[in-house]
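Heads up: the structure comes next, in structure tokens.
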Amino acid sequence: MRILLYRADGNTAPWVKDFADLMPEAEVVVWREGAHLPTCDYAVLWTPPQAMLAELARVKAIFLTGAGADAIMKYSHAIPPHIPIVRLNDAGMGIQMAEYVTHAVLRYFRRLDEYETQARSGAWLQLEAREKADFSVGVMGVGALGSHVIEALRPFGFPLRAWSRSPKSLDGVDSFHGEAGLDGFLGSSRVVVCMLPLTEETTHILNRPNMMKMPQGSYIINVGRGAHISEPDLLPLIKSGHIAGATLDVFRNEPLPAQHPFWMEPRITITPHISALTLRRESVEQMAAKMRQHARGEEVADVINRTKGY
């Protein structure tokens, strides 16, 4: 078995070592533009360069080093439909995402963002405690990661909401789905956590009309993709107070440009796409198991549905 590996950062040595440890029967070939490469069975990557597409059209399956698919779907026309594209399922990302979102929700509920602002000005003032019954948390996208976040939030007693493309049933969660259910979901969520896959339908789903449907003084936490939010629409809503604050881990352009107005808005908390980092060892272990399944002719889980885009 031969594996074609590509890393945009060039840091391939640790991945090669992990594959050697966990899949000794396989040879790992590092892709380099212009290099003459042997025929490979599988490819491991995130975002392929254009020059790599010809190689990808010859492998048996492509394995992504992340849970999303948008990075490669823009090239799907160049990858024959019979070649499965397989995403990671959790691989340590679920607990990280749950930690990040839980921290952000509790920070807003306990008004720690406001206490941080007070502290910078030397003010000592106790703010009125909030009622959990008035602080509903809605999660957009309840796949493996979204479900993990909902389970992490359960013990705190917040009213929980969920919105998905198709119907989902979660115990103790008010579930909404499809376009018909979006208004009800937004209107009843004091905090909206975006964890959706990025598709044509979900691009700019958090635009001005939809964000205006959220209650006055609401919060947004985006750990999905930057293009889920219409960035020019968000800033005026924060300045007006309709959106009281936003915690953003993803952006349309990354790194976020130094001149971007988000940097100057204190009610926007910015992190550099770290809500769920890829854990290399866990990822390689999962991919190795799936490659062996595929090689035996068995069904492999987490294959991207190209029609849906995730």
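Per the conditions (1) among the basic types (Lys, Arg); (2) touching a helix residue (DSSP H, G or I) at 6+ places or on another chain (Cβ under 7 Å); (3) in a loop (DSSP other than H, G, I, E, B), the sole criterion not satisfied by residue 161 is (3).
Residue by residue, here is whether (1) at pLDDT below 95; (2) of a type in the set (D, E, K, R) holds:
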residue	(1), (2)
122	no, no
130	no, yes
135	no, no
150	no, no
159	no, no
162	no, no
165	yes, yes
174	no, yes
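Scan 241, 224 and give me the residue that is surrounded by 13 or more Cβ atoms within 10 Å (Cβ to Cβ), outside the structural domain of residue 42 (by TED's automatic domain parsing) and either farther than 24 Å from residue 113 by Cα or small (Gly, Ala, Ser) (or both). Testing whether each residue is surrounded by 13 or more Cβ atoms within 10 Å (Cβ to Cβ), outside the structural domain of residue 42 (by TED's automatic domain parsing) and either farther than 24 Å from residue 113 by Cα or small (Gly, Ala, Ser) (or both) leaves just 224. Does residue 97 satisfy the condition of being assigned by TED's automatic domain parsing to the domain that holds residue 196 and closer than 30 Å to residue 287 by Cβ? Yes.
Residue-by-condition table, conditions (1) in the same structural domain as residue 243 (by TED's automatic domain parsing); (2) β-branched (Val, Ile, Thr); (3) touching a residue at least 24 places away in the same chain (Cβ under 8 Å):
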{"site": "125", "(1), (2), (3)": "yes, no, no"}
{"site": "131", "(1), (2), (3)": "yes, no, no"}
{"site": "150", "(1), (2), (3)": "yes, yes, no"}
{"site": "153", "(1), (2), (3)": "yes, no, yes"}
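The residues listed here are 193, 284; of these, the one that is assigned by TED's automatic domain parsing to the domain that holds residue 166 and not charged (D, E, K, R) is 193.
In contact with a Phe, Trp or Tyr (Cβ under 6 Å, 6 or more places away or on another chain) and of a type in the set (Gly, Ala, Ser): is that true of residue 283 in this structure? Judged against the criteria, residue 283 is not a match.
Take residue 9 and decide whether it is closer than 24 Å to residue 197 by Cα, charged (D, E, K, R) and surrounded by fewer than 14 Cβ atoms within 10 Å (Cβ to Cβ). Spelling it out, residue 9 is indeed closer than 24 Å to residue 197 by Cα, charged (D, E, K, R) and surrounded by fewer than 14 Cβ atoms within 10 Å (Cβ to Cβ).
The values are calculated or read from the model by the stated rules, or taken from the named source; none is laboratory data. The shown structure was predicted, so the numbers you read here are calculated from the model rather than taken from an experiment. Note: ideal-geometry Cβ built from the backbone for every residue, glycine included; neighbour counts use all protein chains shown.
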